[in-house]
Structure formats: C-alpha cells, structure tokens
Amino acid sequence: MKIHDRATIEIRGKKIVILGLAMSGAAAAKLAVRQGADVFVSDNQDTPALQGTLTDLIVLGISGELGQHSDQIYAADLWIISPGIAQDSELAQKAQSSGIPIVSEIEFASWFTEAPILAITGSNGKTTTAHLLAEMIQTDDLHSILAGNIGIPFTAMVLDDLEDPDPKRVWVLEISSFQMEFIEHFKPYIAIFLNITPDHLNRYPSMKEYIAAKMNMWSRQTAEDFIVYNADDTILVKEIAESISRKIAFGLGHHPEAIFQPNRTKIYTEEHTTLIEMDQLALPGKHNLANALAAATAAHLMGVPNKTIKATMSQFSGVPHRLELVAEINGVTYINDSKATNLDAVQVALESFSQPIILLLGGLDKGGDFRSLLPHTHNNLKEVIAFGQAKELILTTLRDAVRSTSAMDLKEALNLAQNCSQPGDVVLLSPGCASFDQFKNFEERGDHFRSLVTVMEKA
C-alpha cells in the first residue's frame, strides 16, 4: 500500500493490522472499518478488559487475537502501531523489512480531517497547555476538541466528526515523542514546543534521538504554518532554526518578537496594553505562566480576542493529576502530581511550595538521573519515600542527602508519609517515573492516591 501521497491514500478493501488494543488501538480499528478497510487487531496481552474490547470489535466485523503477535500480523497492507512499540523493536523492523508501511494512530487520524490541528509537545506542561488552549479557542467561531496523549484518541474524535461534521472544528492535540515516531503526513497548522529536558531515556539511546522524535512534529510543515516556541529554551531555539515555518516566540524572559510579554506585575500585548495582571492568573507558578503564554500565543494566531484569552487565564485553575490539591488533613496538605513522570517535572513541583515537603517518588524508572534532585535537599525537602520498581535506585542516590525510606507500593508510601508528617507539611505525590510497574497509566495512579487520601480524610 502506497501512502507517500496523502491525496491518493485509499484504505477501502485494504488489510490493516492494528498492534495494541488499548483505547487508541480500538478507536483506530473503528475508524478504519468505517472507511471500508479489512481490520485485524493484535495485542500480546490478554486481560478481561481487552477481551471485552475485542468482543465489541468483532461485532463490527473486526477480527483479532490476544496474548500474542502471530504471523497473521505480517499479512497486511498497513500497520497502525501502538505508541508503546518503539521504532527499533523487532516487530517494527521486521514489518519494515517486509515492505509494510507503519503509521501511528495520530498519523492515521490526520488522513480523514481537514480541520486545523494545533499540536502541543514538550517534556513538561503539555496537558495544562492543551487544556488552556482548548478553553481559549472554544468560541462562537471556533469549536475545539481536545485529544491525543491526554487519553482521548484522536481517531475516536475524528470518527465522531465524520459522523457529524462541524465546519468550525479545531483540533487541540497533546503529542508525545512516541506518537511522532511513525508519521508520514502529520502536519499541525500550529506546532507548540514548550521545552526539552531529559525524558524517556529508557526508550531512546540518547537525548539526540529523543529530540529528533519531538522535532518530527514540524518536519512536514510549510511556510504557511506556525511554530510557537519557548525562546528561553536554548535547545528548542537551535532545533527549530532550520524550519521554514513562521516562528513565534514566547517566554518568561524579554523577547521583543513575542506577542505577549510578561513582567513582574502583568502580561502586556504587542500594543503595550495590559492583557492581565499577574495576581489575576488562576494558575500559580512560573511554569504555569510559561504554559499560559504558549496557549495565549497560539490562541491569538487563531484570531481569538484578547478578552477571551484573559478570561481563560483568570478562570482556569488546572487539570487533574498536575499539582492538584486533594485535601488538607490535620494541617497537612496532600497534593496529587501524578502527571510528573520525569524529574524535571518533579523539580518544578518542589519549587512550587515553601512548606516542608514529604515527597512520594517512584514507579518505573525511565532512565532519569535522580541526582538532579540533590539541590532540593538543601531547601524544603524534608523526606523522600520511594516506591515501585525504581525505589532502590532512588534510595541509593538520595539517602545520604535527605532522610529516605522505601515502600512496596503507593498505599504504604502514603501511610508512611502520614505517620511522619506534621501540621504545615506538604505530602507531595510527584513520582518522576512512569506508572506502568503498578498502574495502567498516571491517571490511575493519581486516582488511587486521591481515593487513599479521601479514606484518610473520612477516618
């Protein structure tokens, strides 16, 4: 199957194999069969949830297998691959050597929509920025849909839009590096780059490969498209230099070319009028100011009035699992920051509080360097409670600098934190690791933390 020319791609009657039957895989299968393809799904896991998903797909005429990737997967015109399967995996390499084209779910969905795509990527801040931007551009003239790496498959939303088209549709997508590994035509109208810090080094051999995957997001853009980029990030500035897209800066520093400029008291516009006073921002912290500037810049490029941008900035108070206040119990504040899956995000979280912090840190190690947290041991980091697969590495790295203990799981870690906490302390779940050793995703981890705290509150 030839996919090099987007205008001539035809999947009707083609054999499409989908690897991975999580939410995005199931949604891609439904979109493919709706477009007339012969669909086969394959997942090497076999769980009750996947069995239920496969049963639902079979009703639609989709066949599949669980608990293996049999040779049936190679009888295909096209693969749509799960973000969990890397480019250098044996599966992907064998398919490519057999001449089977491979695309991501994000790429596949983009074939069936002409609505503008606003895509956000970065090591940190993606989810907050995506929600902010989606709120800003939900206007009479623009109807935003939020999808992508936030847990809402792009294919599912495109399928809905095909059934009920909206001429005012705008897609706001959170994009991970994994989703950019298998793209052919994916081209955002506005590509938003927040920052680049070490992440996913358990997947990529080096930062070079990680950055390259991120930069794929602008590689198909034209001179009519935009890159909105953090001008404070020297890596980003260097990496986007060769792009032919229109480059629009934002940042906390002074960047004369930026549409919105912050100072200590306000954010002002190109016309040097006040957009919003700093004390009117609903989201605290420098990191959230940068996120807000990124979203505001993209919204401005889409023609959103400044008054609408200001209203969103003043009303939007955050998203679940990102520095989310769960409860205050006996003078101790409990914060859910499960979205912090890398160590740069943990540092941001630690810098967000002046109170003594008991840090719940751990999960599946992603290759991050826990030594990056050592400077914080001289500030308000009171204790580290390590849990999950990475706990021994965390203890080895940090226990000489800060009081550190280990727990088998999040429940035990929280119990230990409660026992050693005092009024005025913050118990902060900011894991700095992936969740997949003990949870399905970071949302499930954060929900579990929230439910455990709720039980404590009621006790």
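Coordinate-derived values only; no laboratory data. Quick caveat, the model's predicted, so the values are computed rather than measured. Neighbour counts are summed over all protein chains in view; Cβ atoms, including those assigned to glycine, are modelled from backbone coordinates with ideal geometry.
Things to note:
- Rounded to 0.05, the FRET efficiency of the residue 315 and residue 277 pair, given R0 = 22 Å and the Cβ-Cβ distance, is 0.95.
- Stretch gain in nm, segment residue 419-residue 328, where the contour uses 0.36 nm per residue and the Cα spacing is subtracted: 31.3 nm
- Taking all Cα pairs closer than 8 Å and separated by 6 or more residues, the relative contact order of the chain comes to 11 percent.
- Rounded FRET efficiency, nearest 0.05, which uses the C-beta distance separating residue 209 from residue 60 and R0 of 41 Å: 0.65
- Using a cutoff of 8 angstrom between alpha carbon atoms and counting only pairs six or more residues apart, the relative contact order for the range 6-100 works out to 32 percent.
- Listed values for the range 100-106 are Karplus-derived 3J(HN,Hα) couplings in whole Hz (6.51 cos²θ - 1.76 cosθ + 1.60, θ = phi - 60°), namely 8, x, 10, 9, 7, 4, 4, and x replaces Gly and Pro.
- Sequence of 264, 169 once ranked by neighbouring C-beta atoms within 10 Å, starting from the fewest: 264, 169
- Sequence ranges 15-23, 281-289, 43-51, ranked by mean other-Cβ count within 10 angstrom, highest first: 15-23, 281-289, 43-51
- Against the empirical 2.2 N^0.38 Å (N residues), the range 310-449 has a Cα radius of gyration ratio of 0.98.
- Residues 207, 302, arranged from fewest to most other Cβ atoms within 10 angstrom of their Cβ, appear as 207, 302.
- Neighbour-count ranking [beta-carbon atoms within 10 angstrom, fewest first] of 204, 229: 204, 229
- The chain: radius of gyration over Cα atoms, expressed as a fraction of 2.2 N^0.38 Å: 1.00
- Virtual spin-label span in nm between residue 241 and residue 12, 7 Å along Cα→Cβ: 4.9
- For the chain, adding -39500 (n - 2.57) for each run of n ≥ 4 DSSP H residues and dividing by the number of residues yields -9500 deg cm²/dmol at 222 nm.
- Beta bridge orientation in the chain: antiparallel %, DSSP, nearest 5: 15
- In order along the range 64-70, phi translates into HN-Hα couplings of x, 8, 10, x, 6, 10, 6 Hz, rounded to whole numbers, per the Karplus curve 6.51 cos²θ - 1.76 cosθ + 1.60 with θ = phi - 60° and x for Gly and Pro.
- Label zone at residue 185, where the point sits 7 Å out along the Cα-to-Cβ direction: the range 1-38 residues whose backbone N lies under 13 Å: 2-12
- Structural descriptor for the range 54-178: relative contact order 26 percent, calculated from alpha carbon pairs under 8 angstrom and at least 6 residues apart.
- Compactness of the range 107-315 as Cα Rg over 2.2 N^0.38 Å, two decimals: 0.98
- Mean-position separation - Cα centroids, the range 16-43 and the range 242-267, in angstrom: 41
- When the Cα positions of 35, 222, 431 are compared along the charge dipole of the chain, 431 comes out farthest toward the positive end, with charges on each C-beta of Lys, Arg, Asp and Glu.
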